[in-house]
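Let me begin by presenting the structure, written as structure tokens, before commenting on it.
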Amino acid sequence: MSPPIELRAAPHQHSGRDVPTIMRNVVYSMLPICAFSVWQFGLSAAALILVVTASCLVAERVNNYFSGVPNSLSDWSAAITGVLLALSLPPAFPLWMGAVAGFAAIWMGKSLFGGLGQNPFNPALIGRAFVQAAFPTAISTWVPAYASHRFSEFIPSSLVAPFMSPPDIALWIKQQGVDAFTGATPLARWKFENISASSMDFLTGHVTASAGETSAILILVCGLYLAARKFLDWRIPVAVLGSVILVAWAFHLAQPARYPTPSFMLLSGGLMLGAWFMATDMATSPVTPRGIWLYGALIGILTVMIRYFGGLTEGVMYAILIANAAAPLLDQFNQPRIFGDKPADHE
């Protein structure tokens, strides 16, 4: 008797890369960025990454329990959200606020829409947008990197109790032996003082920024690793960064005294982290070839416009969230024509 024939639905060949494998490699690729952040900001950065990531994992598990679905921690998606969210926050951000951000990211940015793959917006950016609205002072408080006692003591604001007045950060900075600290990011100094930082400062991490946004070259290397392993679509960051270069170059060419160089726009703020690790989220980005290019270009253009003409110094977060909302439309209007189908004007 011949063996039974087994019938299966497509796809009949599998690459061997499932969701946990992809997500796990994304987390691995961010570990050097986390390590560099801890090297720069010490105990506070390490605690922030651990607390925010743990809060995302707890929020995911609580949602699993009350929704009656199997444990989804093994797919690593909550871990990615936690690490990305922590890297987008200031290193002096109070830890309890970081925990709030983690719960908001999972519950408002992911669980509310049905879980993994159904969220229209990047959960980490939802969490950051929430705390930016809820705690505007804390999220705009900056500290210098490489403080002398960063491995022996926390930044005072890290351990502040919930809803209590923050300590005097300026006094702590002075105690670290830092005499000249402006307390502003390079984007803020350019926007309000017309002072630009050097490209070398951005490449080496000697700038004031969020915990994981200080070294553009390190983020680029980690992003290229994912692109080489085909764990992200390289067209998205290329479109984002390319559109920023073109738009910034046009403005700088027209008024060089008013607008900074393209390299400044490219390396400053959270653009690199957003382009390589947030805009490339598979659940929130288009899938059509033309839609992908338009999606990346939209993020780059909006980022420059918000930085130049908006009230905020940074525009990456809102640019990506707006592009997330536009992604379904970009796919809808850029569907490839079916092979053999006649163009509409010939029908």
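The values are calculated or read from the model by the stated rules, or taken from the named source; none is laboratory data. All values derive from a computational prediction rather than experimental measurement. All Cβ positions, glycine included, derive from the backbone under ideal geometry; neighbour counts span all protein chains shown. Just so you know, the surface numbers come from the protein's heavy atoms only, side chains and all, with ligands and any DNA or RNA stripped out. Shrake-Rupley method; radii C 1.70, N 1.55, O 1.52, S 1.80 Å.
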**Q.** Every residue from the range 18-74 that is surrounded by fewer than 19 Cβ atoms within 10 Å (Cβ to Cβ), of a type in the set (D, E, K, R) and either part of a helix (DSSP H, G or I) or in contact with a helix residue (DSSP H, G or I) (Cβ under 8 Å, 6 or more places away or on another chain) (or both)
**A.** 24, 61
Q) What is the residue count in the range 165-191 for residues that are open to solvent by 60 Å² or more (accessible area, probe 1.4 Å) and at pLDDT below 80? A) 10
Q. Do you know which residues across the range 109-128 are farther than 17 Å from residue 327 by Cβ, part of a helix (DSSP H, G or I) and either among the aromatic types (Phe, Trp, Tyr) or modelled with pLDDT under 95 (or both)?
A. 111, 112
